[in-house]
1. Among the candidates ILE36, ILE47, which residue alone is free of Cβ contacts under 8 Å to residues at least 60 places away in the same chain, in contact with a Gly (Cβ under 6 Å, 6 or more places away or on another chain) and aliphatic (A, V, I, L, M)?
2. Residues that are more than 15 Å from the chain's Cα centre (by Cα) and hydrophobic (A, V, I, L, M, F, W, C), at least 3 per element: which helices (runs of 4 or more DSSP H) completely within the range 30-109 meet that?
3. Hey, among THR84, THR102, THR93, which residue is free of Cβ contacts under 8 Å to residues at least 40 places away in the same chain and surrounded by fewer than 11 Cβ atoms within 10 Å (Cβ to Cβ)?
4. Inside the range 87-100, can you point out the residues that are modelled with pLDDT of 90 or more and touching a helix residue (DSSP H, G or I) at 6+ places or on another chain (Cβ under 9 Å)?
5. Of everything in the range 13-42, what is under 28 Å from ALA101 (Cα atoms) and surrounded by fewer than 16 Cβ atoms within 10 Å (Cβ to Cβ)? Give them in sequence order.
Amino acid sequence: QLVAALSGGNQQKVVIARWLAAQPRVLILDEPTRGIDIGAKVEVHRIISQLAADGLGVLLISSDLPEVLAMADRVLVMHEGRLTAELQGGDATQESVMFAATGQTVVAR
């Protein structure tokens, strides 16, 4: 079956598998779950979590704040090309991330 004939979620999993074939040390994922259904999103999250647990570095870029808060060990927030916050996963809240996203500097507790 051609990849183009697969669902968006399955296409995304094929792309991740192709990248993993190159045995990278770091995987950069930009909006990895945009436009895919909730079931596929859960599966992609599971794959990403397992890769990170196995020691692969994962840089997740996402505008989906709940996804970021659920997946990240560390959250870096930028506003107009400037870093406005670096928060450890437990310190990252919707409020702190949105505050930083508006250009305000956030000081972690």
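The values are calculated or read from the model by the stated rules, or taken from the named source; none is laboratory data. These numbers come from a predicted model, not from an experiment. All Cβ positions, glycine included, derive from the backbone under ideal geometry; neighbour counts span all protein chains shown.
1. Numbers: ILE47 fails: in contact with a Gly (Cβ under 6 Å, 6 or more places away or on another chain).
Going through ILE36, ILE47 in turn, just one is free of Cβ contacts under 8 Å to residues at least 60 places away in the same chain, in contact with a Gly (Cβ under 6 Å, 6 or more places away or on another chain) and aliphatic (A, V, I, L, M): ILE36.
2. Where helices (runs of 4 or more DSSP H) fall fully within the range 30-109 and carry at least 3 residues being more than 15 Å from the chain's Cα centre (by Cα) and hydrophobic (A, V, I, L, M, F, W, C), they are 94-101.
3. THR102
4. Those that are modelled with pLDDT of 90 or more and touching a helix residue (DSSP H, G or I) at 6+ places or on another chain (Cβ under 9 Å): LEU87, ALA92, THR93, GLN94, VAL97, MET98.
5. Within the range 13-42, VAL26, ILE28, ASP30, GLU31, ARG34, GLY35, ASP37, ILE38, VAL42 meet the criteria.
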